[in-house]
Amino acid sequence: MPIPDTIPLLNIPWEDALFVVLATLMLVAAILVVTLRDIIRCALALIACFAALAGLYVLLGAPLVAGAQVLVYIGAIAVLILFAVMLTQAKAAPARLVFQTQAIPAAIAAVVLAVLIGLAAVATDWGELGRRVATGTDALAALLFSDYVLPFEIVSVLLLLAVIGGVYLARRGDER
Amino acid sequence: MTLQSLDAYLVLAGALFAVGSFGFLARRNAISMLMSIELMLNAVNLAILAFGAFVPGLAGHASAIALFVIAVAAAEATVGLGIVIAIYRNRRTPLVDEYDAMRE
């Protein structure tokens with residue numbers, strides 16, 4: 001039996017409901033990331049934020065990017081951050097003050113920034129917009145290995161350099 | 001009438017970017033600052049994918065660029081956390097306002 005286009009009884013399209021839920025989840029998680037006191041909880045909220053973003057990417061018709069988001073951000077970066085938290089926060093108790101002294105000016109600046117970006121996005125005429133289109137993985141692969149093959153190779157070298165650099169920076173130096 | 005439009009996604013991306021910039025400016029912990037940078041990178045990615053989904057002819061390009069952004073963000077996180085761990089080994093604190101060796 002096919003799923004109906006709209007939620008029964010409420011007459012709201014499924015995609016709109018999903019968008020509202022995912023957007024709210026993502027913003028709440030992001031605000032928790034920057035305000036929570038315990039940094040481990042910040043990292044866990046960050047994972048929730050990344051997961052909601054992956055859902056939004058699916059809604060935007062980019063399932064491969066959503067998969068990469070889950071694999072790279074939740075699978076690699078979040079775990080890396082959790083390990084770094086455990087390595088650096090072990091001894092010190094949670095810091096008394098979470099925020100710098102300039103937290104209030106920073107909050108004002110962030111609100112102004114959000115309002116400015118929102119106004120600019122709404123006020124700009126983006127030309128004729130199409131219906132949302134999904135990107136097939138095969139089309140993306142063809143593009144990635146034709147038009148974008150040079151950036152692709154450069155990114156592979158960059159990742160290798162970053163791994164070597166990270167190991168070099170974080171290794172326990174023998175001479176020290 | 002659908003709620004989903006380019007404007008809705010761009011406003012959402014702008015809000016996420018602002019939250020990330022607040023975290024970067026206001027938090028004392030170096031790892032919190034790195035997390036805020038990840039939030040900002042994700043906001044940019046969301047905007048790129050929104051353009052790709054709604055502007056005709058950009059769909060594949062937006063996905064390709066978003067994949068590059070994710071790869072570069074992974075490299076950035078590796079090096080950034082390596083630097084934080086290296087500084088922590090010397091200074092014994094993850095709080096950035098106590099990194100004052102260059103002030104004297």
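We did not get these values from a lab; they are worked out from the coordinates using the rules stated. Remember, it's a predicted structure, so these values are computed and weren't measured experimentally. Every residue, glycine as well, gets a Cβ built from its backbone with ideal geometry; the counts of neighbours run over all protein chains shown.
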Nearest 10, in degrees from 0 to 90: the angle of helix A:14-35 to the longest Cα principal axis of chain A is 20
Report the local net charge at B:Val69: Lys and Arg +1, Asp and Glu -1, summed over other residues whose C-beta lies under 12 Å from its C-beta.
-2
Hull surface divided by four, with the convex hull built on the Cα atoms of chain B: how many nm²?
7.9
Work from the charge dipole of the protein assembly as shown (Cβ charges, +1 for Lys and Arg, -1 for Asp and Glu, about the Cα centre) and give the residue of B:Ala30, B:Gln4, B:Ala77 farthest towards its positive end.
B:Ala30
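Under a point-charge model restricted to the Cβ atoms of Lys and Arg (+1) and Asp and Glu (-1), what is the dipole moment magnitude of the protein assembly as shown relative to its Cα centre, in debye to the nearest 20? List each step's numbers first, then the result.
Details: 15 positive and 18 negative charges, 240 e Å.
It comes to approximately 1160 debye.
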Distance between modelled label sites at B:Arg89 and A:Thr101, nm, 7 Å Cα→Cβ extension
3.3
Cα-based helix-to-principal-axis angle, A:103-123 vs chain A, degrees rounded to 10:
30
With label points set 7 Å from each Cα along the Cα-to-Cβ direction at A:Leu71 and A:Ala109, the distance between them in nm comes to 3.7
For chain A, set up a GNM with springs between Cα atoms under 10 Å and report which of A:Gly75, A:Gly165, A:Gly136 has the largest fluctuation.
A:Gly165
State the Cα centre-to-centre distance between the range A:131-176 and the range A:24-47 in whole Å.
27
Ranking A:Leu82, A:Ala114, A:Met26 by how far each Cα lies towards the positive end of the charge dipole of chain A (+1 on Lys and Arg Cβ, -1 on Asp and Glu Cβ), the top one is A:Leu82
Using just the alpha carbons, could you tell me how many Å³ per residue the convex hull of the protein assembly as shown encloses?
169
For chain B, which span is the longest to avoid every loop-located (per DSSP) member of trypsin sites (Lys or Arg not before Pro) having at most 13 other Cβ atoms inside 10 Å?
B:1-91
Using a Gaussian network model on chain B with a 10 Å cutoff between Cα atoms, which of B:Gly20, B:Gly60, B:Gly52 fluctuates the most?
B:Gly60
